[in-house]
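The values are calculated or read from the model by the stated rules, or taken from the named source; none is laboratory data. Everything quoted here is computed from the prediction, not taken from an experiment. Cβ sites come from the backbone with ideal geometry, for glycine too, and all protein chains shown count toward neighbours. Each accessible area value is taken on the protein alone, full model and side chains, heavy atoms only, with ligands, DNA and RNA left out. Shrake-Rupley method; radii C 1.70, N 1.55, O 1.52, S 1.80 Å.
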Amino acid sequence: MIQRTACLIARGNEACRNLAIEKHLMDTLPDNTAILFLYQNRHAIVVGRNQNPWYECKVESFLESGGDIVRRLSGGGASYQDLGTLNFSLILPKREFNAGRQLHLIGEALSAAGIPWEIGPMATLRWGGRTFCQNAFYKSGSAALHHGTILIHTALDMMEHYVRTRRKAPSLQEETPVQSRMVNLRELNPEITPDRLERALVSVFARSFRARPVWLDEQLLDAASLERLTASFAQPEWTYPAQENYDFDVSERFPWGSVTILLRREGGVIRRAKIFSDAMEAALFFPIEEGLAGCPFLIGAIETRFDQKLALLRDPRLIQIAGDVCTLLCGRIRAQDRSGMGA
């Protein structure tokens, strides 16, 4: 049961440092405590844990414009952020995590600020079919994280220009206009400001957990820890995938998200596998990649490896996603075999 709450509003707008603060708060979360962390990033694209930035955005031109591209810990899709975007992080014990309850907490704050809302697909909040809040989740140790991005007066033209958004698979460059999918809260309520929404979030957060929050200051956090974490998030090796010579690929989009599977084969054996996805389930794909490495490039062998992984899963959603990945991969191999293109 949550007995204590705390709030922190970031002093700066550097994406890597704000990700570091978030991670530090998770790592040092006291028992029975919930924390609300609010921050804004300047001209940044934040990609999900399993995404490939080169698929998701115009990397070179965005960096040349002075932007930052960073990778977060959670799954989900890429988001463009600027000082018209408000980010929130709800950090709480894993046993207290409830995505539905937390989404309604954010919704109550929006209602208090005069914003209509409804829950959309992929844990989004939207109105009139257009999204203004994207959410993602992450769990580590005994702590859980629910963070999200709220568009208040974000530069949607910048989002349109730099972020690739596809209705189908990542390899299919079929893009949909941002204005038809996204909406700023200012369009729904011209009087909304980041400060007003921050106050509403803090008020609803305190009421939801029935505990008056203590105010934290990032200057009182462990400086060495923050510097180390900031440097880690800023490393190109963390943000950009290693260059590999893959000789097999297949992509598709499912109701749970998009996926691209890359394989490198030698002598009829899969030597390396890499999976990129905007699915929420960030930790699911690493075991699949490891299981495919060293596997004969044969449908029967691949299905056996997946069966071994599926036997360890209990969550029906994870079983469904892993099964879809297996079906996609094996279906592509069958199609190649029929066309005489197989290895």
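Rg and Dmax of the chain, both derived from C-alpha coordinates alone, stand at 20.9, 67 Å.
Less than 5 angstrom separates the built amide H of Phe297 from those of Val269, Ile270, all sequence-distant by 5 or more or on a different chain. Listed by chain and number, the aspartates and glutamates placed with their C-alpha closer than 17 angstrom to that of Lys309 are Glu281, Glu289, Glu290, Asp324; residues fewer than eight positions away on the same chain are left out. Amide H contacts of Phe254: Val259, each under 5 Å away and 5 or more positions distant or on a separate chain (H built 1.01 Å from N in the peptide plane; Pro and chain starts excluded).
Taking the accessible area of the chain, probe 1.4 Å, and keeping the other protein chains in place, the carbon and sulfur fraction comes to 51%. Cβ under 15 Å from Arg196's Cβ, Arg196 left aside: what net charge do those residues give with Lys, Arg +1 and Asp, Glu -1? After counting each charged neighbour, the total is -2. Using a probe of 1.4 Å on the protein chains alone, the accessible area found for Cys326 is around 20 Å².
Accessible area per residue of the chain at 1.4 Å probe, in Å²?
Working: 15510 Å² over 343 residues.
The answer is 45 Å² per residue.
Ordering Arg101, Arg305 from largest to smallest accessible area (1.4 angstrom probe), what's the sequence?
Numbers: Arg101 110, Arg305 70 Å².
I get Arg101, Arg305, largest accessible area first.
Positive-end ranking of His24, Ala273, Pro121 along the dipole of the chain, with charges on Cβ about the Cα centre, is headed by Pro121.
Heavy-atom accessible area for Asp222, with the other protein chains in place and a 1.4 Å probe, reaches approximately 80 Å². Treating each Cα of region 97-226 as an identical point scatterer and summing with the Debye formula, the log10 of I(q)/I(0) at q = 0.14, 0.21 Å⁻¹ comes to -0.78, -1.31.
The Cα trace of region 170-252 gives Rg and Dmax of 21.5, 57 Å, the first to one decimal, the second as a whole number. Each residue of region 6-11 was assigned a 3J(HN,Hα) from its phi angle through the Karplus expression (A = 6.51, B = -1.76, C = 1.60, θ = phi - 60°), giving 8, 10, 9, 10, 5, 7 Hz with x at Gly and Pro. Annotation note: GluC sites (Glu not before Pro) in region 185-236 located in DSSP loop regions with a Cβ neighbour count of at most 12 within 10 Å are Glu191. Bridges between two residues of region 24-181, per DSSP, are antiparallel at a rate of about 90%.
Viscosity 0.692 mPa s, temperature 37 °C: give me the Stokes-Einstein translational D for region 185-336 in µm²/s, with Rh taken as the Kirkwood radius over C-alpha pairs. List each step's numbers first, then the result.
Details: Rh = 19.5 Å.
For these conditions, the coefficient is 168 µm²/s.
Taking all Cα pairs closer than 8 Å and separated by 6 or more residues, the relative contact order of region 14-90 comes to 43 percent.
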